[in-house]
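S.K.: If you scroll down you'll find the structure; I have some questions about it.
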Amino acid sequence: MTEHRITVAGVAVDTRHWIGGERVASADTFTDVSPIDGSTIGEIARGTATEAAAAVAAAKAAFPAWAATPRAPRARILHAVADGVEKRLEELAIVETTDNGALLRSHRRGVMPRVAHNFRFFADWLLKLDHEDFETRGHTNHVSWDPAGPSVLITPWNAPLMLATWKVAPALAAGNTVVLKPAEWSPLTASLLADIAAEAGLPAGVLNVVQGYGAEIGDALTSNPDVRRISFTGSVPTARRIAESAAANLTPLSLELGGKSPLLVFADADLDLAVDLAVEQYDNAGQVCLAATRLLVEESVAEEFTRRFVDKATALKQGDPRDEATDIGPTIHSRQLEKIDGFVQRALASGARALVGGHRGDGQYYAPTLLTDVRQDSEIVQEEVFGPVLTLQTFTDEDEAIRLANDTRFGLAATVATGSRERADRVTARLVAGTVWVNCFFVRDLQAPFGGSRLSGVGREGGTWSFDFYCDLKNTVTAP
Ligand code: NAD
């Protein structure tokens, strides 16, 4: 008998699916491994088409009652979920760190409080969500935000609970029911969320969690005709498969995908700030979709910038993510490590030079790396590495900076470091990106639209844009 009630860093986690308010096992399991030291965490239910169908059926059955629940009690339950997250914050933080290797201190102080905020924010936004009625030749137009129906939410491993709740909270607030499929490399906190939501009074079937390999369970979720929305965060190849699968029913999709974002450093920038922004790109061992992995630096300050960057980057402490003093933890999986190293070694073999790192560390750790002498059309400049690997290129004027910045198939984010407000405005207007940060990075308000252009995604979520996606808007025209 497989043990499904496991203890992770002292926290009890049930590794079965959560379907219709009950724990459900699968015939098979897969092994979850901690990236910190390669130790086995436990066996996780390995979902198939059977559990996918059961979860969608549970979400369908629970939908009418949840959709009919008035906004105020819906919002109250979401606030109760936030309370539960806050109450179990320490547990969620340590379980997430054990599972995906990201820093415990950032889970404690940044990520998990933000998870609670995701629920509070969308609960409050629901209460003020409105559209003014307007008149046409004496007739009133009234726009209502009808819940769309069962929603499948598929999420990656780099910020598991943060990215999951960024979708779960607005979907539930909108009155939809949910089937959440977390990534197989970080399945644990989604299971804890199911417990927290049940304790908060969320009715059975409103939130379902299925575990398993995307390749095995994904298609059965995304091709199900009862699914009314699919929101996906992950890689471009998976997004293509999901889009094909969703095409049969024309299920509306929201896709948040990869990036290869630039950081443009102009000679008039505060250089210390620019260096700090650049070094920040190693956060989460570079496994951040928004990371500005291409450093584009104006030639006249490039030498000084590089000197200061190398000093700071080499002082970063890499090691156990549970240690408060650690700056960079491990990569998520040995396969990810191989992938990262493959990119770096091919770049070095084709003439790139490592100014920092350029090699593996112990275990699943990869040394923070900065590569220079890279060609604009090379793989290392064009492809998303998703590891602690940055490239450095120089430019001589604004036009060249923008040309390099936009010469990518992605368009998720861009960061600009400059001391000139006029330049910031000019450059920002010409950059192709869903988010542009000027003299800052990662500041993100849930009211703002979030998403990418080009291969970085389809659609926007955040504030009203989330409700746009998760609702079927209806216009009712009434005669005088
Ligand atoms: P991935 O595409 O391999 O997996 C993401 C999820 O999709 C996982 O849950 C996986 O099980 C599932 N999946 C795999 N095959 C599937 C299928 N055929 N049908 C349905 N689901 C399937 O991505 P990943 O490696 O987990 O995540 C890294 C990627 O995510 C990077 O490209 C990164 O840039 C991107 N990302 C984007 C954002 C954003 O907001 N734009 C945020 C974080 C990560």
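The values are calculated or read from the model by the stated rules, or taken from the named source; none is laboratory data. This is a predicted model, so every value here is computed, not measured. As a convention, Cβ positions derive from the backbone with ideal geometry for all residues, glycine included, and neighbour counts pool all protein chains shown.
S.K.: Can you name the residue in segment 124-168 that is among the small types (Gly, Ala, Ser) and within 16 Å of the ligand (Cβ to nearest atom) and, of all such residues, is farthest from Val111 (Cα to Cα)? Talk me through it step by step, then tell me what you get.
M.R.: Filtering segment 124-168 down to residues among the small types (Gly, Ala, Ser) leaves 138, 144, 148-149, 151, 159, 164.
Narrowing further to those that are within 16 Å of the ligand (Cβ to nearest atom): 151, 159, 164.
Numbers: Ser151: 24, Ala159: 8, Ala164: 12 Å.
Selected residue: Ser151.
S.K.: Looking at the structure I just gave you, is Ser466 modelled with pLDDT of 95 or more, within 16 Å of the ligand (Cβ to nearest atom), under 30 Å from Thr136 (Cα atoms) and not acidic (Asp, Glu)?
M.R.: Values: modelled with pLDDT of 95 or more: yes; within 16 Å of the ligand (Cβ to nearest atom): yes; under 30 Å from Thr136 (Cα atoms): yes; not acidic (Asp, Glu): yes.
Yes.
S.K.: Answer yes or no as to whether Ser453 is small (Gly, Ala, Ser) and free of Cβ contacts under 8 Å to residues at least 40 places away in the same chain.
M.R.: Numbers: small (Gly, Ala, Ser): yes; free of Cβ contacts under 8 Å to residues at least 40 places away in the same chain: no.
Against the criterion (small (Gly, Ala, Ser) and free of Cβ contacts under 8 Å to residues at least 40 places away in the same chain), Ser453 does not qualify.
S.K.: How many residues are over 18 Å from the mean Cα position of the chain (by Cα), surrounded by fewer than 21 Cβ atoms within 10 Å (Cβ to Cβ) and either at pLDDT below 95 or not in a loop (DSSP other than H, G, I, E, B) (or both) when one looks only at segment 423-442?
M.R.: Count: 8.
S.K.: To continue, here is another question. Which helices (runs of 4 or more DSSP H) does segment 174-253 wholly contain that include 3 or more residues that are within 14 Å of the ligand (Cβ to nearest atom) and without any contact (Cβ under 8 Å) to a residue 40 or more places away in the chain? Quick ask: steps written out before the conclusion?
M.R.: Numbers: elements: 188-199, 214-222, 236-247.
Hits in segment 174-253: 236-247.
S.K.: Any idea which residue in segment 76-119 is surrounded by the fewest Cβ atoms within 10 Å (Cβ to Cβ), counting only those that are more than 22 Å from Thr464 (Cα to Cα) and among the polar types (S, T, N, Q)?
M.R.: Going through the qualifying residues, I end up with Ser106.
S.K.: Please work out if Pro262 is closer than 23 Å to Ala171 by Cβ, away from the ligand (no atom under 12 Å from the Cβ) and touching a residue at least 60 places away in the same chain (Cβ under 8 Å). Spell out how you get there, then give the answer.
M.R.: Details: closer than 23 Å to Ala171 by Cβ: no; away from the ligand (no atom under 12 Å from the Cβ): yes; touching a residue at least 60 places away in the same chain (Cβ under 8 Å): yes.
Spelling it out, it is not the case that Pro262 is closer than 23 Å to Ala171 by Cβ, away from the ligand (no atom under 12 Å from the Cβ) and touching a residue at least 60 places away in the same chain (Cβ under 8 Å).
S.K.: Return the residue satisfying two criteria in turn: it lies in segment 267-299 and is closer than 18 Å to Thr326 by Cα and acidic (Asp, Glu), and of such residues it is nearest to the chain's Cα centre (by Cα).
M.R.: Among those residues, the one meeting the criterion is Asp283.
S.K.: Whether any residue in segment 46-56 is surrounded by fewer than 22 Cβ atoms within 10 Å (Cβ to Cβ), in contact with a Phe, Trp or Tyr (Cβ under 7 Å, 6 or more places away or on another chain), touching a residue at least 60 places away in the same chain (Cβ under 8 Å) and of a type outside the set (S, T, N, Q) is what I want to check.
M.R.: Step one: filter segment 46-56 for residues surrounded by fewer than 22 Cβ atoms within 10 Å (Cβ to Cβ), giving 46, 48-50, 53-54.
Imposing the further condition that a residue be in contact with a Phe, Trp or Tyr (Cβ under 7 Å, 6 or more places away or on another chain) reduces the set to 46.
Remaining after also requiring touching a residue at least 60 places away in the same chain (Cβ under 8 Å): 46.
After this cut, where a residue has to be of a type outside the set (S, T, N, Q) as well, the list is 46.
The answer is yes, given that some residue of segment 46-56 is surrounded by fewer than 22 Cβ atoms within 10 Å (Cβ to Cβ), in contact with a Phe, Trp or Tyr (Cβ under 7 Å, 6 or more places away or on another chain), touching a residue at least 60 places away in the same chain (Cβ under 8 Å) and of a type outside the set (S, T, N, Q).
S.K.: Scan segment 183-190 and tell me whether some residue there is farther than 20 Å from Glu22 by Cα, surrounded by fewer than 24 Cβ atoms within 10 Å (Cβ to Cβ) and in contact with a Lys or Arg (Cβ under 7 Å, 6 or more places away or on another chain). If you could, list the steps in order and put the result at the bottom.
M.R.: Step one: list which residues in segment 183-190 are farther than 20 Å from Glu22 by Cα, which gives 183-186.
With surrounded by fewer than 24 Cβ atoms within 10 Å (Cβ to Cβ) added as a condition, the list becomes 183-185.
Going one step further and asking which of them are in contact with a Lys or Arg (Cβ under 7 Å, 6 or more places away or on another chain), we end up with none.
Checked against the condition, which is being farther than 20 Å from Glu22 by Cα, surrounded by fewer than 24 Cβ atoms within 10 Å (Cβ to Cβ) and in contact with a Lys or Arg (Cβ under 7 Å, 6 or more places away or on another chain), segment 183-190 yields no hits at all.
S.K.: So in segment 449-480, with the set limited to residues that are in contact with a helix residue (DSSP H, G or I) (Cβ under 7 Å, 6 or more places away or on another chain) and not in a strand (DSSP E or B), which one is farthest from Ala174 (Cα to Cα)? If you could, list the steps in order and put the result at the bottom.
M.R.: In the first step, residues of segment 449-480 are kept if they are in contact with a helix residue (DSSP H, G or I) (Cβ under 7 Å, 6 or more places away or on another chain); the result is 449, 455, 459, 461, 463, 466-467, 470.
Then drop every residue that is not not in a strand (DSSP E or B), which leaves 449, 455, 459, 463, 466-467, 470.
Values: Pro449: 17, Leu455: 27, Gly459: 17, Gly463: 11, Ser466: 9, Phe467: 6, Tyr470: 6 Å.
Once the filter is applied, the top-ranked residue is Leu455.
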